[in-house]
Amino acid sequence: MYCTRKVRDDLVWVGADDRRLVCFEGVYGVPDGVSYNAFLLLDEKTVLFDTVDRAVYGVFLENLEHELNGRPLDYLVIHHMEPDHAATQELLLRRWPETKIVCNAKSLAMMKQFLGWDPTERCVVVKENDTLETGRHSFRFLMAPMVHWPEVMMSYDTADRLLFSADAFGTFGALNGRLFADEADFFGEHLDEARRYYTNIVGKYGMQVQAALKKLAALPVDMVLPLHGFVWRGGFEAYLEKYRLWSSYAPEEKSVLLAYASVYGHTENAANYLACRLCERGVRVRMYDTSVTPASYIVSDAFRCSHLVFAATTYNNGMFVTMENLLHDIAAHNLQGRRVALIENGSWAPVSGKLMKELLSGLKNTEFVAEPVTLKSALAAGQEAQLDALAETLAAEILA
Ligand code: FEO
């Protein structure tokens with residue numbers, strides 16, 4: 001049975017939720033599912049904006065056929081070629097052989113790669129500021145390279161001031177019937193997953209996101225329609241402000257992310273001691289065991305917090321594996337402008353501090369607030385003074 005939602009009188013959401021996906025992109029857990037958004041315009045011409053992941057093709061096809069109600073599908077606009085939106089293009093093009101594909105040159109090149117055949121004769125290739133007239137509506141195409149892939153583009157409808165924003169402004173989480181952000185408690189219940197989506201999916205490309213935001217700033221927008229998560233028809237400015245912060249790598253709050261990797265609990269004990277001293281001083285601490293919490297959640301809070309403390313035991317003459325994975329992930333996502341402190345542990349040759357420092361030294365505008373604190377097996381009697389001092393230093397910076 002079809003399952004659609006009206007966006008406006010002539011625009012329908014024909015996407016679907018996926019609640020059975022374990023890992024988005026094979027790596028990011030999505031315990032609340034994810035939505036693949038596709039929108040059908042029923043103007044003088046019919047236009048489908050993007051397709052969906054293969055996992056939900058069945059209901060997507062039912063949605064499309066129901067809403068077209070026998071009309072032909074005139075255009076398929078492709079904003080992004082990643083297979084969570086594009087994997088069903090071929091099935092759709094075979095089902096509607098007359099449909100014209102509206103895409104840019106980079107998308108066309110990727111289509112050839114993914115499809116294994118050349119769809120050029122079916123394509124209307126567009127570039128920056130080209131338009132598509134569909135009757136009452138007129139769509140202008142805006143390139144948004146690296147938000148999240150190089151071929152990404154957005155569409156702006158000058159008639160109803162709609163912005164089809166591709167991956168930008170998306171969130172993890174199934175829609176569960178709610179299409180619009182104002183139908184949910186977005187900032188109370190969904191912002192954390194929106195942050196995790198942004199930081200892990202496009203966090204690396206802050207400069208390119210800023211370029212896209214600059215381009216969009218000149219446009220009056222009444223509705224924002226991303227490829228994942230909620231559609232915005234009001235209250236968007238507060239979310240846009242988050243994007244300005246995230247893409248500039250500015251922290252959202254003066255607080256400490258405290259992530260530790262501990263094999264037998266001694267490094268954890270030191271991390272707990274430090275957390276207590278910080279909290280006593282009024283500092284907010286967001287604390288994680290890197291062996292328990294998947295890296296994507298910790299990366300997300302690394303973007304959120306002004307100060308980062310990492311505590312890791314030495315392992316195989318390196319740093320413990322889950323910490324190594326986390327720090328590589330943070331570096332890969334281009335985080336910058338943070339204040340960092342380190343705690344290392346090692347029973348005979350502690351090197352994790354040196355290795356963590358080497359890895360994090362590559363982060364732009366990032367400085368260490370102190371030399372690493374070194375544990376030999378466990379926090380020694382009297383050594384708590386070093387952690388007291390670290391807590392004092394961090395608190396002085398954060399509460400200043
Ligand atoms: Fe939702 Fe970059 O694809």
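Some points to look at:
- Solvent-accessible surface ranking, highest first, for Glu344, Glu62 at 1.4 angstrom: Glu62, Glu344
- Potential extension, Leu245-Asn334 segment - 0.36 nm per residue separation minus Cα distance: 30.6 nm
- Its relative contact order, with pairs defined as Cα atoms under 8 Å and 6+ residues apart, puts region 245-304 at 45 percent.
- Neighbour net charge for Val14 - beta-carbon separation under 11 angstrom, K R +1, D E -1: -2
- The length gained on full extension between Ala370 and Ser347, counted as 0.36 nm times the residue separation minus their Cα-Cα distance, comes to 6.1 nm.
- Among 186-192, 107-113, the order from most to least packed when residues are scored by Cβ within 10 Å on average: 107-113, 186-192
- Mean sequence separation of contacting Cα pairs (under 8 Å, at least six apart), scaled by the length of the chain, corresponds to a relative contact order of 11 percent.
- Dividing the summed helix terms, -39500 (n - 2.57) for each DSSP H run of n ≥ 4, by the number of residues in the chain produces a 222 nm estimate of -9500 deg cm²/dmol to the nearest 500.
- Pairs of alpha carbons in region 98-209 whose separation is greater than 19 Å (percent): 58
- Between region 172-198 and region 74-124, the C-alpha centres lie 29 angstrom from each other.
- C-alpha center-to-center spacing [region 319-387, region 46-67] in angstrom: 48
- Backbone N within region 339-368 under 11 Å of label point (7 Å from Val263 Cα along the Cβ vector): 346-349
- Relative intensity of region 246-312 on a log10 scale, I(q)/I(0) at q = 0.19 Å⁻¹, equals -0.71, per a Debye sum over C-alpha point scatterers of equal strength in the absence of solvent.
- Linear extension gain, Glu384 paired with Lys214, 0.36 nm per residue minus alpha-carbon span: 56.3 nm
- Heavy atoms of His66 accessible to a 1.4 Å probe, total area in Å² rounded to 10: 80
- Selection from Leu76, Leu21, Gln89, by position along the positive dipole direction of region 1-89 (Cβ): Leu21
- For the chain, the Rg and Dmax computed from alpha carbons only, in angstrom: 24.0, 79
- Of Arg122, Arg95, the residue with the largest accessible area leads and the full order is Arg95, Arg122 (1.4 Å probe).
- Largest-first principal axis extents, alpha carbons of region 255-354, Å: 35, 33, 23
- Helix axis angle, 266-280 relative to the chain longest principal axis, alpha carbon, degrees: 80
- Counted over the chain, the DSSP beta bridges are approximately 45% antiparallel.
The values are calculated or read from the model by the stated rules, or taken from the named source; none is laboratory data. What you are looking at is a predicted structure, and each value in this text was computed from that prediction instead of being measured. Virtual Cβ from ideal backbone geometry, glycine too; neighbours counted across all protein chains shown. The accessibility values were calculated without ligands, DNA or RNA, using every heavy atom of the protein model including side chains. Shrake-Rupley method; radii C 1.70, N 1.55, O 1.52, S 1.80 Å.
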